[in-house]
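One structure is given here, and the rest of the page talks about it.
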Amino acid sequence: MKIMMIILAIALVVALGVGLGFYWKAKAGSTTDNHDLEKSIDEDVYKLFKLQNSHGVMVGIVKNGRVLQKSYGIVEKANDAKPNGQTVFQIASITKVFTASLLQSLVDQGVVRMDSTLGELIGDAVPMNDKAARITLEQLATHTSGLPRIPKPMLKKVRELA
């Protein structure tokens, strides 16, 4: 019994140490609050451009009723057009987490159901075929809708940028 308590105490100390290590690593890698939001964003975006082969980024933030929109880089290699609030970007994997969280929140509030279909939600606002109209929110959230990962028109743009 005494040995189990010692093992449990050691495991607890190790878990605490690992947790603190992750915390400090995340804290060190996060944006510092220097009370200049725009400067902090500039610094982080420039780090992103150094680390990755990024072409363009559009950042939008709403804080305390103030709206900040900034563009960085270019939309296409072929010209110098900067991204703006109307630029269409391919969404990245991290957005899946946010989208699923927002969907669950709407389900919890009774605004939508997981078995709601695109046809029910969108109606005639956007023309779609019968197969697309039968796709449910659950299928979209679990990536079982059968839709391609990248729509053909977007895939063409991605290939042009590469």
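The values are calculated or read from the model by the stated rules, or taken from the named source; none is laboratory data. Being a predicted model, the structure only gives us computed values, none of them experimental. The area values use the complete protein model at the heavy-atom level, side chains included, leaving out ligands, DNA and RNA. Shrake-Rupley method; radii C 1.70, N 1.55, O 1.52, S 1.80 Å.
In this structure the amide hydrogen of GLY56, modeled in the peptide plane, comes within under 5 Å of the amide hydrogens of ILE74, none closer than 5 places in sequence on its chain. Fully extending the segment from GLN86 to LEU155, taken as 0.36 nm per residue of separation minus the present Cα-Cα distance, adds 23.0 nm. When the surface is traced with a 1.4 Å probe over the full set of protein chains, GLU120 keeps roughly 110 Å² accessible. With the alpha-carbon atoms of segment 39-144 aligned to their principal axes, the span from lowest to highest coordinate is 43, 36, 25 Å, starting with the largest. Ranking ARG149, ARG134, ARG66 by solvent-accessible area of protein heavy atoms (1.4 Å probe, all protein chains present), from largest to smallest, gives ARG149, ARG134, ARG66. Solvent exposure of GLU138, expressed as accessible area, is near 100 Å², computed with a probe of 1.4 Å over the protein chains only.
For PHE49, the accessible surface of its heavy atoms amounts to roughly 60 Å² (probe 1.4 Å, protein chains only, rounded to the nearest 10).
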